[in-house]
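Engineer: Below: one structure in structure tokens.
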Amino acid sequence: MAEKKVGFVAMASDKKTIDDIPEIGIGMIGHAFMGKAHSNAWKQMPYIFWPPAAIPKLVSVCGRSEESVAEAARRYGYEKYTTNWKDIVNDEKITIVDNGTPNYLHAEPCIEAAKAGKHVICEKPMARNAKEAKEMRDAVQKHGVKNICAYGYRVAPAIVLAKNLIMDGKLGKLFHFRARYLQEWIVDPDFPMIWRLRKAECGSGALGDLGSHIVDLGRFLCAEIDSVMAVTTTFIKERYDEAKGEKVKVDVDDAVASVVTFKNGAIGTIEASRFCPGRKNYNCIEINGEKGSIWWDLENMNNLWVYWREEEPAETRGFHCINVTESYHPYYESWWPHGHIIGWENLFVHEVYNMVEAVINNKQLEPYVATFEDGYRADVVCESMATSSETGKKVICKYE
């Protein structure tokens with residue numbers, strides 16, 4: 001079968017009509033923020049990456065409230081709905097289980113889905129702690145199912161280009177990785193208590209919510225993280241709980257700052273906060289190597305800035321902005337003409353495309369797509385940062 005290379009993935013070119021393409025059943029657990037984003041991706045994928053290996057069929061969606069999940073099923077186009085995630089896991093029409101629920105609902109449904117032979121996508125952070133994440137990783141490996149931890153910034157075309165430049169040795173030996181993921185949405189002291197501020201439900205605050213993303217990008221682009229030294233803090237220690245009618249303790253971090261070392265000898269800084277007025281979704285990374293530097297900003301995600309030390313002529317040497325929208329850039333042959341940018345929501349399209357290719361054509365997800373192994377390792381790093389903050393000491397990251 002002839003294949004055409006697009007970035008690092010291969011697109012099949014032998015299927016001509018929709019009747020030739022099989023369907024693949026999708027079960028979604030959760031229908032709010034991430035459920036909406038993922039459902040949109042499943043619907044977009046087959047006509048963007050045409051012809052797809054399979055057409056996603058939205059079989060069933062799960063939510064806690066029957067009224068709201070019924071409306072979500074109608075809105076997103078699922079055939080049916082349920083209030084019990086076990087119905088999704090046990091449905092014979094479903095091949096891929098997509099878990100977009102809060103963190104405390106990640107482990108059990110994903111493990112049970114793997115036991116049932118379902119392929120699994122799980123939102124990040126993969127679990128509330130490294131122990132839960134390891135159990136999830138072990139389950140998908142034991143049962144041989146395809147798995148993705150949804151660190152979607154890995155599949156941004158500019159990030160894939162950066163990865164390829166680094167792998168090709170264009171930056172030479174890497175010296176520094178620095179990353180900041182900053183938001184502002186809970187700086188108001190009157191913002192009420194929600195699940196993202198309860199340790200029992202989320203595991204950690206800005207550390208897991210934002211920090212895990214840039215931990216993953218550090219591991220992806222630079223190297224495995226070897227050690228961390230970190231501080232965390234909680235700026236607003238109590239918030240009003242509408243269900244209880246009183247203020248309750250906030251027991252997760254509002255911000256984290258960490259110094260990290262990598263196994264390739266590079267050093268780095270990682271900072272995450274939800275207390276940065278003016279910062280909406282500011283995820284910015286920079287990598288410095290012996291031959292040059294790269295930096296990228298999520299809020300300007302289609303551009304990658306590069307600097308080459310030996311570029312000639314020296315008089316014009318400086319950072320150059322690459323608009324990563326050409327047909328030869330990763331994923332972009334399937335999108336729009338150059339300069340017609342894609343957005344945040346389209347990264348989920350890349351994720352589900354990779355999952356369908358992996359399931360149907362047994363394509364390899366690593367190293368470009370984050371798997372449960374990556375999700376587990378990111379959780380180990382985040383937990384090590386929390387331990388460092390508690391003890392005031394440097395912590396070696398221990399992976400099993």
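Engineer: Starting from residues that are outside any loop (DSSP other than H, G, I, E, B) and of a type in the set (Gly, Ala, Ser), keep the ones in the stretch 206-237 and report whichever is surrounded by the fewest Cβ atoms within 10 Å (Cβ to Cβ).
Structural biologist: So the first thing to find is which residues in the stretch 206-237 are outside any loop (DSSP other than H, G, I, E, B), and the list is 206-221, 225-233.
Pick out the ones that are also of a type in the set (Gly, Ala, Ser) and you get 206, 208, 211-212, 218, 227, 230.
Details: ALA206: 27, GLY208: 30, GLY211: 31, SER212: 27, GLY218: 25, SER227: 17, ALA230: 26.
Residue satisfying both the conditions and the ranking: SER227.
Engineer: Oh, and also: Can you pull out every residue in the stretch 200-222 that is within 13 Å of PRO125 (Cβ to Cβ) and either without any contact (Cβ under 8 Å) to a residue 60 or more places away in the chain or hydrophobic (A, V, I, L, M, F, W, C) (or both)?
Structural biologist: Within the stretch 200-222, CYS202, ALA206, LEU207, LEU210, ILE214, VAL215 qualify.
Engineer: When the residues of the stretch 58-101 are narrowed to those that are touching an Asp or Glu at 6+ places or on another chain (Cβ under 8 Å) and assigned to a loop (DSSP other than H, G, I, E, B), which ends up surrounded by the most Cβ atoms within 10 Å (Cβ to Cβ)?
Structural biologist: GLY100
Engineer: Output the number of residues of the stretch 240-292 satisfying the condition of being basic (Lys, Arg) and in contact with a Leu (Cβ under 6 Å, 6 or more places away or on another chain). Don't jump to the end; show me each part of the working.
Structural biologist: First pass over the stretch 240-292, keeping only residues basic (Lys, Arg): 244, 247, 249, 263, 274, 279-280, 291.
From what is left, the residues that are in contact with a Leu (Cβ under 6 Å, 6 or more places away or on another chain) are 279, 291.
Result for the stretch 240-292: 2.
Engineer: Could you grab me the full set of residues in the stretch 292-315 that are in a loop (DSSP other than H, G, I, E, B) and either β-branched (Val, Ile, Thr) or surrounded by 17 or more Cβ atoms within 10 Å (Cβ to Cβ) (or both)?
Structural biologist: Passing the criteria: MET301, ASN302.
Engineer: For the stretch 122-205, give me every one of the helices (runs of 4 or more DSSP H) that falls completely inside it and has 3 or more residues that are surrounded by 24 or more Cβ atoms within 10 Å (Cβ to Cβ).
Structural biologist: By residue number, 130-143, 157-167.
Engineer: Which of the following residues is within 24 Å of ASP168 (Cα to Cα) and either surrounded by fewer than 16 Cβ atoms within 10 Å (Cβ to Cβ) or touching a helix residue (DSSP H, G or I) at 6+ places or on another chain (Cβ under 9 Å) (or both): GLY318, GLY245, GLY278?
Structural biologist: Result: GLY318 is the single residue among GLY318, GLY245, GLY278 that is within 24 Å of ASP168 (Cα to Cα) and either surrounded by fewer than 16 Cβ atoms within 10 Å (Cβ to Cβ) or touching a helix residue (DSSP H, G or I) at 6+ places or on another chain (Cβ under 9 Å) (or both).
Engineer: If you scan the stretch 238-253, which residues turn out to be over 17 Å from ALA200 (Cβ atoms), of a type in the set (D, E, K, R) and either under 23 Å from the mean Cα position of the chain (by Cα) or assigned to a loop (DSSP other than H, G, I, E, B) (or both)?
Structural biologist: Listed by number, the list holds a single entry, GLU242.
Engineer: Another question, then. Taking the options ASN288, ASN283, name whichever one is under 20 Å from LYS173 (Cβ atoms) and either touching a residue at least 40 places away in the same chain (Cβ under 8 Å) or in a strand (DSSP E or B) (or both).
Structural biologist: Only one candidate qualifies: ASN288.
Engineer: Just wondering, is there one or more residues in the stretch 36-56 that are part of a strand (DSSP E or B) and either at pLDDT below 95 or not assigned by TED's automatic domain parsing to the domain that holds ASP168 (or both)?
Structural biologist: Checking the stretch 36-56: at least one residue is part of a strand (DSSP E or B) and either at pLDDT below 95 or not assigned by TED's automatic domain parsing to the domain that holds ASP168 (or both).
The values are calculated or read from the model by the stated rules, or taken from the named source; none is laboratory data. Owing to the predicted nature of the structure, the values given are computational and were not obtained by experimental measurement. Neighbour counts run over all protein chains shown; Cβ positions are idealised from the backbone, glycine included.
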